[in-house]
Amino acid sequence: MNEPTRRPDPTAPTAPHPRAVVLGTGLAGLLTAAVLAGDGVSVTLVDRDRLPSTPAARKGLPQARHAHLLWSGGARVIESLLPGTTDRWIATGARRIPLPTGLVALSAKGWLPRWPEMQYLMACTRDLLDWVVREQVLARPGVTLRDGADVLGLSGDARRVTGVRLRDTGAADGVAHLAADLVVDATGRGSQAPRWLCELGLPAVREERVDSGLAYATRLFRAPEGSENFPVVSVQPKAGLARPAQGATLVPIEGGRWLITASGTRGGQPPTDADGFEGFCRQLDHPVLADLIARVEPITDVFVSRSTVNRRRRFEQLPRWPAGFVAAGDAVATFNPVYGQGMSVAALGADALRRELRRGGLGDPGLARRAQRALARTADSAWDLATGQDIRYPGAIGDQPPVAARLLRGYFDRLMRSATGRPDVARAMIDVMTLSAPVDALLRPAVALAVLRGPGAAPLPGPPFTEAERDLCRAPR
């Protein structure tokens, strides 16, 4: 008697040796590959760009020209995934800047004192950040790179993704197929994952957007001699006013340079020409940045970007989810870069995937759905912070936050004011800002009591530079 024909299990592994394909080689893709590599897993990184072998610009990451701050919450996770990364960054020119010790910042409620270290940030170009991580990931056994490859879509069906289709001019039909037990989409803001999933028969993905209308303009300057330990300097935009919000930030980067990014919302965007750049900085709430750049040499033109929309794709809310597929990083949630959260959220997402992998590995049919939900949770705090602020700017487009969040605005405004005089409140604020603690840390009883008491000290009259820094600021060209 013949045995009944067995239908293939759509959630079964595709090969004896687990295989993963990661689409995109930005920070989210690289850290995902680091998590997946090992234990006999073969990982293929796919990118449409030809990747540089040095810390150089790449076509698919134009926003890399602007200020990127890697907060300590994300830096610690990256260090845990790739031990030694922090030392490598520093050895190649990045700086570990203590917060708020190495920060001269005018918040919406006043100058922040430079108390002893509470958290930190890594300051360098995005090109250097990515290059150091990329070199370490590509050196791992089992990791290969396929760059210069366009992704056409996913293979499989609504029950399971079995690989990806790539454009390949050498193939008979112009298409190459990469089989995989897990495909991770880390292609960033331009991700086509919602379309790919619809092509497999899944419903449309709900998307949330909050657009402040913010635009960026960035220029590089030659830093003066003796400025190796110069702080990050920031004049932050004010929300909730009738006029456009404007600000600017100076970040000391590798190569003895200052990177200055200016920003403004609708009706107050920074100019795109070199002559207007200094003038824009001079008319901010304090002219400190204009005073600084008036004394140094510009070394680039002005680079402009308007890719600042907060966008969140709610993959985790789909009623069905295919085994073998996960969306990560900016493919899930993008944030207004003014808050510097994207890279840290990408790191937290990779860590969430690592935790889910430990529960069952690539062969676990429930891995993809659990991981997608865990990745969504890592974006919650950053999303609430960014959109809760951005929706307050004049002309902002998007849904208002829940009533409870709107009622808390007054509390958060008072918290920012209290942080200018109370180190315990500043610590809580900086812990949350650096994604080292959840947002509800700001509501803990001890913090709330300190906020109710107010700053408890007179506001600082001006930027809290040291005497050596003041001398440097006054130096002629």
Flagged in segment 16-36 as small (Gly, Ala, Ser) and either open to solvent by 20 Å² or more (accessible area, probe 1.4 Å) or assigned to a helix (DSSP H, G or I) (or both), in numbering order, are Ala28, Gly29, Ala33, Ala34
I'm trying to understand the selection: among the residues of segment 169-216, which are closer than 24 Å to Ala149 by Cβ, in contact (Cβ under 8 Å) with a residue 60 or more places away in the chain and in a strand (DSSP E or B)? Leu178, Ala179, Leu182, Val183, Val184, Asp185
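Out of the residues in segment 291-342 that are outside any loop (DSSP other than H, G, I, E, B) and among the hydroxyl-bearing types (Ser, Thr, Tyr), state the one that is surrounded by the most Cβ atoms within 10 Å (Cβ to Cβ).
Initial filter on segment 291-342 (outside any loop (DSSP other than H, G, I, E, B)): 291-293, 297-298, 303-305, 310-313, 315-317, 323, 325-327, 329-331, 333-334, 337-339, 342.
Keeping just the survivors that are among the hydroxyl-bearing types (Ser, Thr, Tyr) gives 305, 334, 339.
Numbers: Ser305: 17, Thr334: 25, Tyr339: 18.
The selected residue is Thr334.
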Per the list (1) out of contact with any Leu (no Cβ under 7 Å at 6 or more places or on another chain); (2) open to solvent by 30 Å² or more (accessible area, probe 1.4 Å), residue check on Gly268 breaks on (2)
Of all residues in segment 115-128, count the ones that are surrounded by fewer than 19 Cβ atoms within 10 Å (Cβ to Cβ) and not aromatic (Phe, Trp, Tyr). 2
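Which of the strands (runs of 3 or more DSSP E) found entirely inside segment 217-283 contain at least 2 residues meeting this: over 21 Å from the mean Cα position of the chain (by Cα) and of a type in the set (D, E, K, R)?
Here the list is empty.
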For segment 38-46, does any single residue satisfy the condition of being in contact (Cβ under 8 Å) with a residue 12 or more places away in the chain, open to solvent by 50 Å² or more (accessible area, probe 1.4 Å) and part of a loop (DSSP other than H, G, I, E, B)? yes
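Quick check on my filter: what residues within segment 77-100 are open to solvent by 50 Å² or more (accessible area, probe 1.4 Å) and among the polar types (S, T, N, Q)?
Applying the first criterion (open to solvent by 50 Å² or more (accessible area, probe 1.4 Å)) to segment 77-100 yields 79-80, 83, 87-88, 90-92, 95-96.
Ser80, Thr92 - these are the residues of segment 77-100 that are open to solvent by 50 Å² or more (accessible area, probe 1.4 Å) and among the polar types (S, T, N, Q).
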So which residues in segment 293-326 are among the small types (Gly, Ala, Ser) and in contact (Cβ under 8 Å) with a residue 24 or more places away in the chain? Ser305, Ser307, Ala323, Gly324
Output for Cβ contacts, cut-off 8 Å, separation at least six or different chains, first residue touching a residue at least 60 places away in the same chain (Cβ under 8 Å) and among the small types (Gly, Ala, Ser) in segment 155-168, second open to solvent by 20 Å² or more (accessible area, probe 1.4 Å) and not in a loop (DSSP other than H, G, I, E, B), reads Gly156/Thr162; Gly163/Ser155; Gly163/Gly156; Gly163/His177; Gly163/Leu178; Gly163/Ala179
Is there a residue in segment 148-159 that is under 25 Å from the mean Cα position of the chain (by Cα), of a type outside the set (Lys, Arg), more than 30 Å from Arg320 (Cβ to Cβ) and not in a loop (DSSP other than H, G, I, E, B)? no
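The values are calculated or read from the model by the stated rules, or taken from the named source; none is laboratory data. None of the values given here were measured: they were computed from a predicted structure. Glycine also receives a Cβ, built like all others from the backbone with ideal geometry; neighbour counts cover every protein chain displayed. Calculation scope for accessible area: heavy atoms of the full protein, side chains included, ligands and nucleic acids excluded. Shrake-Rupley method; radii C 1.70, N 1.55, O 1.52, S 1.80 Å.
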